[in-house]
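All of the numbers you see were taken from the coordinates with simple rules; none came from a lab. Here the structure is a predicted model, which is why all the values come from computation and not from measurement. Quick reminder, even Gly has a Cβ in these numbers, built from the backbone with ideal geometry, and neighbours come from all protein chains shown.
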Amino acid sequence: METATVKKKDRVLEDKIENLIAIGAATAANCIPCFEHLYEKATNSGITIAQIKRASDIAELVKKGAHIALTNSVNELIGIEETQNLPCEQTAIKSCCC
């Protein structure tokens, strides 16, 4: 996944890690074309299905937690006392995902 502006010697993350991060980002962004492209690239580079699934699952937890935190905040602002528990049982000022 090397970009034109980053030289190999200046890389901080391995290609595998960058690809898994991108898979998580594509999942969280609901971008099917990106996910399909990255999935093919990942499987061709030796990343396992289990690793791809884990990256996608983590992204889903982040997305779900963010949505619940937003819904709870909206409900509070408009005077609805109903709240949903976050996936990690944290408050909105702390991590809500993993």
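Here are the numbers:
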{"item": "Potential lengthening between CYS31 and ALA66 on full extension [0.36 nm per residue; Cα-Cα distance subtracted]", "result": "10.9 nm"}
{"item": "DSSP-assigned coil residues among GluC sites (Glu not before Pro) in the stretch 25-84, each with at most 12 further Cβ atoms within 10 Å", "result": "GLU81, GLU82"}
